[in-house]
Amino acid sequence: MINIFIENDLGERQALEVPTDMGFNLMELLKAYEYDIQATCGGMALCATCHIEVLEGKENLPESNDQELDTLDTLPNADANSRLSCQLRPSPAMDGLVFRLKALQEA
Amino acid sequence: MIHTDICIIGAGPVGLFAVFEAGLLKMRCHLIDALPVVGGQLAEIYPQKPIYDIPGAPAIIAEDLVNNLMRQIEEFKPGFTLGERVEALEKQDDGSFIVRTNEGTGVHCQVVVIAAGLGSFEPRKPAVEQLEYFEGKGVHYMVKKPEQFRNRKVVLAGGGDSALDWTIFLADVAERVTLVHRGDTFRGAPDSAEKVYELAGKGKIDLILQSQVNKLGGNGVLKEVSVLGNDKSLITIPTDDFIPLFGLSPKLGPIADWNLGVEKSAVVVDTFDYSTNVERIYAIGDINTYPGKLKLILCGFHEAAIMMQSAFKYVYPDQKLSFKYTTVNGVNPF
Ligand SMILES: Cc1cc2nc3c(=O)[nH]c(=O)nc-3n(C[C@H](O)[C@H](O)[C@H](O)COP(=O)(O)OP(=O)(O)OC[C@H]3O[C@@H](n4cnc5c(N)ncnc54)[C@H](O)[C@@H]3O)c2cc1C
Ligand code: FES
């Protein structure tokens, strides 16, 4: 079990307890916590509606693959800290990750 | 005004197949879609992905399925209005409807079929100051008629395939083309990226990398864009047109305002015939919801067949429909 944190627009952080052995990706986890993200493509890195901005812990994440980078390029507000949450699988290295849900602002 | 029997909102796979089911019953269709092409999600999100659960097609590329659907309905000569969003439905005294788009197109019909999927695909808009003010005054989210940019100064923004493709195309049409991209490499098709670098190398276009357009200026019409570098440098470029190309994302849009029982962005229907709570309006495919709903193409096809049998009574009020297999009468073109 690890902890990751979601920061809202007011700068408040909510902690999520995340199992690392269930095979969920971060997008599915956010859905399980009832965050209202569309995730239209179901996690295929095609729709960009699960966009997050990593605030702390970016260096502990695996590199984006080509499909993820292609899709991020379709977002006007993506930057060097942008990731698609469906492409991230919680692992012990991700403990303490802090991010913002950009997809909510884009909806 | 366009006159037809059935107006279908949405030219995704389900809207397209509905034309076939209507055609078998000798009902004519007109389709309207906000996208400039047919195919809905298959065209916009995953044209090159294989689909495995279309009966009779062990694996079919999404784009090929759309092409096949178009071939299957060719004989029924449907009308198309593409690149326009349906805004309003106006009920007439005789029960028929006029469907209206954002560009003023009107379609008069006996039955409305909402096959709107996830909603209409709308351009993703970058956070640029004054962007909306200059819409229609120099800001375009699609290139519909490239000729309109002849001999003009054009700034494009984006790093995907459409930004690359239009930069290359407009390089020969516009007076000057500038492409602004936030990164320093392009992810689009390698050939296109190569071509863009080559054009920039030869001085035929201006390429501004690691930067974003952040503000538009002008006096009633667009005159300039400000470009902010990742290093905080700021430059101003004179321009006549600004074309941000960041893809499209679906929005439920006007459908939510038509008093049709909407639950979680979907229209509630009666599974007897996929009718909505308003007579003569049906909803099929991803846009509808009912207990047990599955958002699959195959389910949308089934719904199209059933709903057209029900719609028949509004198009041919004096005739009785008796169900026959399609193979009994064959497919009779109009
Ligand atoms: C990545 C991905 C993979 C998928 N894989 C499969 C699969 O393998 N098998 C399967 O069965 N399904 C699959 N699906 C689901 C399938 O794509 C949908 O079920 C299908 O596209 C629904 O078709 P539709 O015609 O109802 O809607 P859509 O394809 O969404 O088309 C609706 C159209 O209506 C238009 N529209 C909406 N509102 C308006 C308006 N107001 N005015 C004008 N136009 C409007 C939209 O622009 C759009 O073009 C997949 C979906 C995704 C995203
Ligand atoms: S869910 Fe579609 S890109 Fe992540």
Inside the range A:58-107, the number of residues satisfying the requirement of being part of a helix (DSSP H, G or I) and either modelled with pLDDT of 95 or more or more than 9 Å from every other protein chain (Cβ to nearest Cβ) (or both) is 15
Hey, residue A:55 in a helix (DSSP H, G or I) and away from ligand 1 (no atom under 16 Å from the Cβ) or not | no
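Table: residues versus (1) surrounded by 16 or more Cβ atoms within 10 Å (Cβ to Cβ); (2) free of Cβ contacts under 8 Å to residues at least 12 places away in the same chain.
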residue: B:135; (1), (2): no, yes
residue: B:162; (1), (2): yes, no
residue: B:165; (1), (2): yes, no
residue: B:172; (1), (2): no, yes
residue: B:178; (1), (2): yes, no
residue: B:206; (1), (2): no, no
Quick check, is residue A:53 of a type outside the set (A, V, I, L, M, F, W, C), in contact with a Lys or Arg (Cβ under 9 Å, 6 or more places away or on another chain) and within 16 Å of ligand 2 (Cβ to nearest atom)?
-> yes
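Tell me whether the range B:44-51 contains one or more residues that are over 19 Å from the mean Cα position of the chain (by Cα) and within 27 Å of residue B:247 (Cα to Cα).
Checked the range B:44-51: at least one residue is over 19 Å from the mean Cα position of the chain (by Cα) and within 27 Å of residue B:247 (Cα to Cα).
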Specify which of the listed residues (A:20, A:40) is at pLDDT below 90 and either within 16 Å of ligand 1 (Cβ to nearest atom) or among the acidic types (Asp, Glu) (or both).
-> A:40
Assess whether residue A:49 counts as being closer than 24 Å to residue B:127 by Cβ, within 14 Å of chain B (Cβ to nearest Cβ), buried (at least 16 other Cβ atoms within 10 Å of the Cβ) and at pLDDT below 90.
-> no
The range B:37-54 residues that are more than 14 Å from every other protein chain (Cβ to nearest Cβ), paired with ones that are of a type in the set (Val, Ile, Thr) (beta carbon under 6 Å, 6 or more apart) = B:39/B:66; B:54/B:60
Requiring at least 2 residues that are closer than 29 Å to residue B:184 by Cβ, the strands (runs of 3 or more DSSP E) wholly within the range B:197-289 are B:206-208, B:211-219, B:221-229, B:234-238, B:241-244, B:248-251
Residue hits (the range B:101-151; within 14 Å of chain A (Cβ to nearest Cβ), more than 11 Å from ligand 1 (Cβ to nearest atom) and assigned to a strand (DSSP E or B)) are B:123, B:129, B:139
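The values are calculated or read from the model by the stated rules, or taken from the named source; none is laboratory data. Note that the structure is predicted; figures quoted are calculated from it, not measured. Ideal geometry is used to build each Cβ from the backbone, glycine not excepted, and the neighbour counts take in all protein chains shown.
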